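Visitor: Got a structure for you, written out below as structure tokens; questions coming shortly.
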Amino acid sequence: MTDFEYGPAEFIVAQFEGDHPSPPVVQAILDLVGSGTVRLLDLLFVSRAQSGEVTIAEFEDVGDDYGFAGITLEASGLAGTDDVDDITELIDPGTSGAIMVIEHTWAKDLANRFFAAGGSVVHSERIPAPVVNAVLSEASE
């Protein structure tokens, strides 16, 4: 049986005010990593000035300063230049963002089990939480 070293990975882009993540944002990421819910593969930070100028800060350069001491990225550099360039367009002027590449640890196990059984995951799509909640709220009315 083939055992995947990594499961499916997902880009998550979180936007926030200021030039770096607040302590509660950092703590949310640390809690998910610490609980084993996700594995943090890559993380970098983007700031977009009001003028539109973009500054990218690599985790290795600012991680300790932002409160991520002791965290090691599992696959630093997985977010390629083209990915980052596309994603930075999502960040509003005057705000910053964290670009995370995470592995959902449960999905790795599922992918391994499907593969071992002769199957594979052929499609996966994440529906944002606000959309799910809005649709289900409307359906229950």
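Visitor: Between a first residue in region 115-141 that is in contact (Cβ under 8 Å) with a residue 40 or more places away in the chain and under 23 Å from Pro8 (Cβ atoms) and a second residue that is among the hydrophobic types (A, V, I, L, M, F, W, C) and open to solvent by 100 Å² or more (accessible area, probe 1.4 Å), which pairs have beta carbons less than 9 Å apart while being 6 or more apart in sequence or on different chains?
Guide: Phe115/Met1; Ala116/Met1
Visitor: Being loosely packed, with under 13 Cβ neighbours inside 10 Å and hydrophobic (A, V, I, L, M, F, W, C) is the filter here, so list the residues in region 52-102 that pass it.
Guide: Hits for region 52-102 are Ala69, Leu90.
Visitor: If Trp106 satisfies every condition in (1) in a helix (DSSP H, G or I); (2) open to solvent by 40 Å² or more (accessible area, probe 1.4 Å); (3) over 19 Å from Ile12 (Cβ atoms); (4) modelled with pLDDT under 90 but one, which is the exception?
Guide: (3)
The rows are residues; the columns are (1) within 14 Å of the chain's Cα centre (by Cα); (2) among the hydrophobic types (A, V, I, L, M, F, W, C).
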site	(1), (2)
Ala14	yes, yes
His20	no, no
Asp31	yes, no
Asp42	yes, no
Gly52	no, no
Thr55	no, no
Val62	no, yes
Gly70	no, no
Ala75	yes, yes
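Visitor: Shifting gears a bit: When region 115-131 is examined, which residues are found to be open to solvent by 90 Å² or more (accessible area, probe 1.4 Å) and assigned to a helix (DSSP H, G or I)?
Guide: If the condition is that a residue be open to solvent by 90 Å² or more (accessible area, probe 1.4 Å) and assigned to a helix (DSSP H, G or I), then Phe115, Pro130 are the ones that fit.
The values are calculated or read from the model by the stated rules, or taken from the named source; none is laboratory data. Here the structure is a predicted model, which is why all the values come from computation and not from measurement. In this analysis, Cβ positions are derived from the backbone assuming ideal geometry, glycine residues included, and neighbour counts consider all displayed protein chains. The protein model used for the area step is the full one, side chains on, heavy atoms only, and it has no ligands, DNA or RNA in it. Shrake-Rupley method; radii C 1.70, N 1.55, O 1.52, S 1.80 Å.
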